[in-house]
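Below you'll find the structure, written out as structure tokens, and then a few comments.
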Amino acid sequence: MFHAYINGTGLYSPDLIETNEDLNNFYGTPIKDTFENKIGIRQRHITGDNESTADMAVKAGEKAILDAGLSAKDLGLVVVATDTPEFLSPPTACVVQGRLEAVNAGAYDINGACSGFVAALDAMCRIVASGGYEHILLIGAYNMTKFVDRSNAFLVPLFGDGAGAVVISRTKENRGFVGSKLYADGTQYDFMGIYAGGAKYPLTPERIENKEYMLQSLKPLPADRNVKLWPPIITELMENHGLKTTDIDFIICTQINQWIIDSVMPILGLPMERTICIMGEYGYTGSACIPMALDTARKTLNKPARGDNVVFIASGVGLAVASTLFMW
């Protein structure tokens, strides 16, 4: 019987940094207090004109492969979780696989919006545990600043760009992936998204002029939606494996809002020392934020520790939510 565990991690963020003070000056309006004191974002790293989603994914992937003590030739599969792909087609993962020279690996993308990395983590761990591949490189990559209208002082300060990667490897040890709980409500597809450029709304001169190819916020997202969603999902996940939420040793949540995490932790009965928040440094990095936070925790906090019960939970538009449980 095989198990799947996270064997290596990597993080990449662009060199270009935009602080809240920079945005205060750009817009001439005080965005700083709201984003620092409640949302928790002090700055964000952005790609600018010279970096793409695949550029970031390759660099994060290289670090994860090195951290796992492997070479790209050891990989059986390269998967990129993103909703800001290099191209509509072909898959970003194919570009990444080629640049990494992962000659023995297949490649494909997964788009679960901001829940995509954790949803893909569930699927990739099951594939590895089945004996399908010995090593899989899974990358969460996010380049949303390319899709946000710079005139929008509400959305621009939220987003940063980055990539995080993990290598999932096979083991016979009793450790690694334990289980998952996924949730979706497709009736909420029309709250926020990038709606033009696909088959439903192909690009036309009119749609380009109206900037419909950019991120659209069509309906207000309830501020406390994740506060209400995450605790019951996590509770069910833990109970399915004979555990309580207080048995969680370390948890990483979607890094969109410090207030949400501050609110969820006491509901779960957990101290803040059992989580990490990286939005202050990186802004909101969507499908990349969970692996970026994991890499940061491992390399700055020495967490998680071997034997810890570790939970990842992520929410994305659609609505899509994914959670996974690991015994580290």
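Let me have the relative contact order for the range 107-214, percent, based on Cα pairs under 8 Å that are six or more residues apart.
23 percent
Take the alpha carbon atoms of the range 1-58, find their center, do the same for the range 301-328, and report the distance between the two centers in whole angstrom.
Each part's Cα centre sits 20 Å from the other's.
Which residue, LEU301, LEU70, LEU11, has the most motion in a Gaussian network model of the chain that connects Cα atoms within less than 10 Å?
Of LEU301, LEU70, LEU11, the most mobile in the Gaussian network model is LEU301.
How big is the range 228-328 in terms of Cα radius of gyration and Dmax, in angstroms?
For the range 228-328, the Cα radius of gyration and maximum Cα-Cα distance read 12.6, 36 Å.
Would you list, by chain and number, the lysines whose Cα falls below 16 Å from the Cα of LYS228, excluding same-chain residues fewer than 8 positions away?
LYS181
Using +1 at the C-beta of Lys and Arg and -1 at the C-beta of Asp and Glu, which of TYR189, SER323, ILE39 has the Cα lying farthest in the positive direction of the dipole of the chain?
SER323
Treating the Cα atoms of the range 1-59 as identical point scatterers in vacuum, please give the log10 of the normalised Debye intensity I(q)/I(0) at q = 0.26, 0.31 Å⁻¹, two decimals.
-1.02, -1.18
Only helices at least 18 Å long along their axis, Cα-based, and averaging 0.0 or more on Kyte-Doolittle count here, so list those DSSP H runs from the chain.
The qualifying helices are 53-67, 116-129.
Given only helices, namely DSSP H runs of n ≥ 4 each adding -39500 (n - 2.57), what is the per-residue ellipticity at 222 nm of the chain, to the nearest 500 deg cm²/dmol?
-8000 deg cm²/dmol
Which value, in debye to the nearest 20, gives the size of the charge dipole of the chain about its Cα centre, when Lys and Arg are +1 and Asp and Glu are -1 at the Cβ?
Dipole size: approximately 620 debye.
Project the alpha carbons of the range 3-174 onto their principal axes and report the range along each, largest first, in whole Å.
56, 33, 25 Å, listed from the longest principal axis down.
If amide H atoms are built 1.01 Å from N in the plane of the peptide, which residues on other chains or at least 5 residues away come under 5 Å of the amide H of GLY40?
The answer is GLN258.
Report the one residue of LEU158, GLY76, GLY112 whose Cα lies farthest in the direction of the positive end of the charge dipole of the range 3-174 (charges on C-beta: Lys and Arg +1, Asp and Glu -1; origin at the Cα centre).
Positive-most Cα among the choices belongs to GLY76.
Note down the magnitude of the dipole of the range 3-67 about its Cα centre, charges +1 on Lys and Arg C-beta and -1 on Asp and Glu C-beta and zero elsewhere, to the nearest 20 debye.
That gives the range 3-67 a dipole magnitude of about 260 debye.
Tally Lys and Arg at +1 and Asp and Glu at -1 over the other residues with C-beta under 15 Å from the C-beta of ILE136: what net charge comes out?
Here the count lands on -2.
Gaussian network model of the chain, Cα springs within a sub-10 Å range: biggest mean-square fluctuation belongs to which of HIS135, HIS45, HIS241?
The residue that fluctuates most here is HIS241.
Can you list the chymotrypsin sites (Phe, Trp or Tyr not before Pro) in the range 87-140 that are in a DSSP coil and have 14 or fewer other beta carbons within 10 angstrom?
In loop regions of the range 87-140 (DSSP not H, G, I, E or B), the sparsely surrounded chymotrypsin sites (Phe, Trp or Tyr not before Pro) are PHE87.
Using only alpha carbon pairs under 8 Å that are at least six residues apart, calculate the relative contact order of the chain and give it in whole percent.
26 percent
Using 0.36 nm times the number of residues separating THR246 and ASP185, minus their current alpha carbon distance, what extension gain do you get?
Length difference between fully extended and current span is 19.2 nm.
Using a simple charge model, +1 on the beta-carbon of Lys and Arg, -1 on the beta-carbon of Asp and Glu, nothing else, what dipole does the range 48-157 show about its Cα centre, in debye to the nearest 20?
60 debye
With a sphere of radius 14 Å drawn around the Cβ of ASP55, what net charge do the other residues whose Cβ falls strictly inside it have (Lys, Arg +1; Asp, Glu -1)?
-2
Values in this text are rule-based calculations from the coordinates and carry no lab data. Quantities reported herein were computed from a predicted structural model and do not represent experimental measurements. So basically every Cβ, Gly included, is an ideal-geometry build from the backbone, and we count neighbours across all protein chains shown.
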